[in-house]
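Structure, as structure tokens:
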Amino acid sequence: MSTGSLGRQEVRATEGETPGRWGGAMVLASCLGFFLINLDATIVNVALPAIGQGLHAGLSGLQWVVAGYTLAFAGLLLSAGTVSDRIGADRLFGYGLLGFAAASAACGLADGVVSLVAARVAQGAAAAAVLPSSLALLRQSVPDSAVRTRAIALWAAGGGAALSAGPIAGGLLTSALGWRAIFFVNVPFGLLAVVGLARAGRSVPQRRSFDPAGQVSAVLALTGFTFALIELGPAGARSPLVVGPLLVSFAALFWFRWAESRARAPMVDLRELRSRVFVSCLATGFALNFSFYGILFVFSLIFQQDRGWSPIRTGLSFLPMTVLVLAANLLAGRLTRTVGPRLPMAGAQLLSATGFLGIALVGLDGPAWLLLPATLPIGIGGGLASPPMMTALLEAVPAERAGVVSGLLSACRQAGGALGVTLFGLLISAAGFGLATGLRLSAVAAGGLLVLAAVASYRWVPGAARRGAAPPVPSVRRP
């Protein structure tokens, strides 16, 4: 039995199962996979000072522990989305989960910062396989758009739950068992998601040509630019470690544009990038991760190194913000079904921007009882913006391109996270700025980017839908 017409990418239930049964299993497995990825991101940030002490790593090394993962994650997401469409989303999802569990064990066993960064790169590559395939599974297993909006909200709430649990779990595990435990905890979660996937339906692969030129050029453009930003602080703007990767990045960007315009089956249809809905969703994803993960990285260092807080106290300080992300995720699904994606996306980003304004006003020397409440609008805004953003994007493209489009959105989000960590780290460590000025500049940069993305969302994303119907998002279809 099948879910109905889903283009060329269809999920079939095994014999004797109903769509509701296997569709529910697929949604749960997808949510658990997204939970695992987000848990790792937040749990590592809290443990960074302990990792630095244990492995004698400086600020640049700690940035690479975060950015190495995010760099591989973002760089391979587009390729992973294409592979998801070619071999079947369920198969790539399972391979990614197993790879992520193995790489997490390698991180826990690392004996130096170089081996840890290498294992983190492997983690990022495996996570790149999990994320777009999990969203593609939602598109396939839930054909009704209104029900799919609720499923996407639950999927986002899985990430919100990880954001809530990660800082606390990171603080507890680091304090009680040491920093290595934050990586070992990923292993049982990964295996549990594989078990859930085994009870779900199976994806039917597409017959689609591979686009090696587009994929290689996209990876080079992203990794070169991010590498240059990471090395900008310690090496300086004129260093070959900065200038060289930047030149490679810009050349690869032109190569990507040229290759995609001439490919018979391009990885990214450039006509999709002319859709304002499409571009607005990508900009929103970039802005949300740039601001959230950048400030999370900075606060983790400031609270522990400048104020002398313990890892567990640092983790507890993030709890109110991350719990609000989870609550807002659940609310956002209902808002999107009622008023369409425009108002939740635009309003949520403006709300987050007010939080960064509060951080800039309070500053580094302000009391914690003023600084931490400024993070609450960031959590609410981030939670409210994500589900309508993903709903609008998935409804704007044909179902058979769910994998690669999910990969493109995820690549923009993770690139934003990597650049946020890099830029914020650069600002707080730059000579002549200091922590206080660096924190204010970081908050202003994040707030300004969110405002710009909010304006684009309000102007370009569809508004109210009929009650009970899916948001009326125009599709970008290929002839």
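Coordinate-derived values only; no laboratory data. In this text the structure is predicted, and so the values were computed from the model without any measurement. No Cβ is skipped: glycine too gets one built from the backbone with ideal geometry, and neighbour counts run over all protein chains shown.
For an R0 of 51 angstrom, estimate the FRET efficiency from the Cβ-Cβ distance between A368 and L270 and round to the nearest 0.05.
Calculated transfer efficiency: 0.60.
How many angstrom lie between the Cα centre of segment 39-79 and the Cα centre of segment 269-290?
26 Å
Let a ≥ b ≥ c be the square roots of the eigenvalues of the Cα gyration tensor of segment 277-391; is it rounded (a/c under 1.5), or, if not, prolate (a/b larger than b/c) or oblate?
It is prolate, given that a/c is not under 1.5 and a/b is the larger ratio.
Between Rg and the Kirkwood Rh of segment 63-137, both from Cα atoms, what is the Rg to Rh ratio?
1.02
Work through the residues other than S280 whose Cβ is under 11 Å from its Cβ and net out their charges, Lys, Arg +1 and Asp, Glu -1.
+3
Which order do peptides 102-109, 35-42 fall in by mean Cβ count within 10 Å, highest first?
The densest-packed peptide leads the list: 35-42, 102-109.
Relative to the first principal axis of the alpha-carbon coordinates of the chain, what is the inclination of helix 212-235, with its axis defined by its Cα atoms, in degrees from 0 to 90 and to the nearest 10?
That works out to roughly 10 degrees.
Rg and Dmax of the chain, Cα atoms, in Å?
Radius of gyration, then largest Cα-Cα span, for the chain: 20.9, 68 Å.
I need the calculated FRET efficiency for the pair D144 and L191, taking r as the beta carbon distance and R₀ as 30 Å, to the nearest 0.05.
The calculated FRET efficiency here is 0.45.
Please state the charge dipole magnitude for the chain, taken about the Cα centre, from unit charges on C-beta atoms (+1 on K and R, -1 on D and E), reported in debye and rounded to the nearest 20.
Around 1220 debye, computed over the chain.
From the convex hull of the Cα coordinates of segment 252-313, what is the mean projected area in square nanometres?
6.9 nm²
Helix 342-362 sits at what angle to the longest principal axis of the chain, using alpha carbons and giving 0 to 90 degrees rounded to 10?
It is inclined by approximately 0 degrees.
Can you give me the relative contact order of segment 183-322 as a percent, contacts being Cα pairs under 8 Å and 6 or more apart?
19 percent
On average, how much area does the Cα convex hull of segment 379-459 cover when viewed from any direction, in nm²?
Computing the convex hull of the Cα atoms and averaging its projections yields 6.2 nm².
Less than 12 Å Cβ to Cβ from G333, Lys/Arg counted +1 and Asp/Glu -1: what total charge do the surrounding residues give?
Result for the neighbourhood of G333: +4.
May I ask for log10 I(q)/I(0) of segment 131-261 at q = 0.10, 0.11, 0.13 Å⁻¹, from a Debye sum over the Cα atoms as equal point scatterers with solvent left out?
Normalising to I(0) and taking log10 leaves -0.65, -0.77, -0.99.
With n ≥ 4 as the cut-off for DSSP H runs, can you work out [θ] at 222 nm for the chain, using -39500 (n - 2.57) per run divided by the number of residues, rounded to the nearest 500?
-27000 deg cm²/dmol
Rounded to whole Å, give me the distance from the Cα center of segment 107-124 to that of segment 348-385.
Using only Cα atoms to place each centre, the spacing works out to 33 Å.
How would you rank 271-280, 296-305, 354-363, highest first, on the average number of other Cβ atoms within 10 Å across their residues?
Result, highest mean first: 296-305, 354-363, 271-280.
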